[in-house]
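J.: Here you go, one structure.
Where a number appears in this text, it was derived from the coordinates with a stated rule and is not lab data. These figures come from a predicted structure and were not determined experimentally. Heads up, the Cβs are rebuilt from the backbone with ideal geometry, glycines too, and the neighbour counts pull from every protein chain shown.
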Amino acid sequence: MARDPRYWRESVQEAIFALGYLRPEAEGKLMELMPLAQVRGPRTAAAAFRAQGKQLSANDKKRLGLRQSAAISVELVDDLTPKGLLQPLSAHEITLQRAVFTERRLRAVAAGLETRADYYLYATGSTGCPGCARLKTQRAGPGEVDPSHPLDCIHEACPVGIVPETDHRLRYQMHQGPPTDLGGE
Ligand SMILES: [Zn+2]
C-alpha cells in the first residue's frame, strides 16, 4: 500500500519537541523510520535502528547503565538529549509512537475534508487517562475537530483516534428535499 508522507514531518517534529528525548537533528532518521513504524510498529522500527551500524563500546554501555547484550548504536546515542540518555533503549520508540498516532489523526481529518465528512468521532480503547476518557465517543464538527495530542492526555503518545463520519439521515433529507415535495408527482 502506498504511504502518504504529507503529515510525517509535522508529526515527527511535534513528537521530538513535545517529548524532549531526541535532539532536533534526529528528525531525518525518524522520517526514514516512519514507514516501518507505521507498518510494523514503533518498537520494531526502533529496534532495527538500535541494531544498525557501529555498536556502542562495552564501557559506554556500562556508563549508560545498559546490559552488555543490549543492541544500541553509536549513531542512535548521538540523537539523545540528556533526558533521552536516561532511557536510551526506548527514547526513539516512544517518540515514533507519538508521531505515528498524531500522523494517523492528521490523515483522518484530511480524509474527512476530502470526502466532506459531516462530523468526526473520537475513538480509543485507552483507559485511565482523563484526556482519552473525555474524548472517547465524542463528536466534533468539521470546524472543531483537533488532531493534535490532547492537552489533558497523560500518555506520552496518545492513542486516541479520529474517524470521519457521514450523517446519512441528513444527506438523505437534503437529497429528498423538503417534506412538502413528497407525493407531489
Ligand atoms: Zn490520551
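J.: Search the range 135-159 for residues being within 9 Å of the ligand (Cβ to nearest atom) and more than 14 Å from the chain's Cα centre (by Cα), and hand back the single one that is surrounded by the most Cβ atoms within 10 Å (Cβ to Cβ).
T.: Looking only at the range 135-159, we keep the residues that are within 9 Å of the ligand (Cβ to nearest atom), and these are 135, 149-150, 152-155, 157-159.
Now drop any that are not more than 14 Å from the chain's Cα centre (by Cα), which leaves 135, 152, 154.
Working: 135: 23, 152: 12, 154: 12.
Only one residue fits best here, namely 135.
J.: Could you count how many residues in the range 71-89 are surrounded by fewer than 16 Cβ atoms within 10 Å (Cβ to Cβ) and in a loop (DSSP other than H, G, I, E, B)?
T.: Counting residues in the range 71-89 that are surrounded by fewer than 16 Cβ atoms within 10 Å (Cβ to Cβ) and in a loop (DSSP other than H, G, I, E, B) gives 3.
J.: Please tell me if residue 10 is assigned to a helix (DSSP H, G or I) and buried (at least 17 other Cβ atoms within 10 Å of the Cβ).
T.: Numbers: assigned to a helix (DSSP H, G or I): yes; buried (at least 17 other Cβ atoms within 10 Å of the Cβ): no.
When the stated conditions are applied, residue 10 does not pass them.
J.: Still on this structure, I have one more. Residues in the range 116-131: is at least one in contact with a Leu (Cβ under 6 Å, 6 or more places away or on another chain), assigned to a loop (DSSP other than H, G, I, E, B) and within 15 Å of the ligand (Cβ to nearest atom)?
T.: No: the range 116-131 contains no residue that is in contact with a Leu (Cβ under 6 Å, 6 or more places away or on another chain), assigned to a loop (DSSP other than H, G, I, E, B) and within 15 Å of the ligand (Cβ to nearest atom).
J.: Further question: How many residues does the range 48-75 contain that are within 21 Å of the chain's Cα centre (by Cα) and without any contact (Cβ under 8 Å) to a residue 40 or more places away in the chain?
T.: 1
J.: When you scan the range 85-102, do you find a residue that is out of contact with any helix residue (DSSP H, G or I) (no Cβ under 8 Å at 6 or more places or on another chain), more than 16 Å from the ligand (Cβ to nearest atom) and more than 30 Å from residue 47 (Cα to Cα), even just one?
T.: Taking every residue of the range 85-102 in turn, none turns out to be out of contact with any helix residue (DSSP H, G or I) (no Cβ under 8 Å at 6 or more places or on another chain), more than 16 Å from the ligand (Cβ to nearest atom) and more than 30 Å from residue 47 (Cα to Cα).
J.: On the given criteria, is residue 65 more than 25 Å from residue 159 (Cβ to Cβ) and either exposed (fewer than 14 other Cβ atoms within 10 Å of the Cβ) or touching a strand residue (DSSP E or B) at 6+ places or on another chain (Cβ under 8 Å) (or both)? Steps first, please.
T.: Values: more than 25 Å from residue 159 (Cβ to Cβ): yes; either exposed (fewer than 14 other Cβ atoms within 10 Å of the Cβ) or touching a strand residue (DSSP E or B) at 6+ places or on another chain (Cβ under 8 Å) (or both): yes.
Criteria met by residue 65.
J.: Quick one: is residue 167 touching a Lys or Arg at 6+ places or on another chain (Cβ under 8 Å), surrounded by 12 or more Cβ atoms within 10 Å (Cβ to Cβ) and not β-branched (Val, Ile, Thr)?
T.: On the way: touching a Lys or Arg at 6+ places or on another chain (Cβ under 8 Å): no; surrounded by 12 or more Cβ atoms within 10 Å (Cβ to Cβ): yes; not β-branched (Val, Ile, Thr): yes.
Considered against the rule, which asks whether it is touching a Lys or Arg at 6+ places or on another chain (Cβ under 8 Å), surrounded by 12 or more Cβ atoms within 10 Å (Cβ to Cβ) and not β-branched (Val, Ile, Thr), residue 167 comes out as no.
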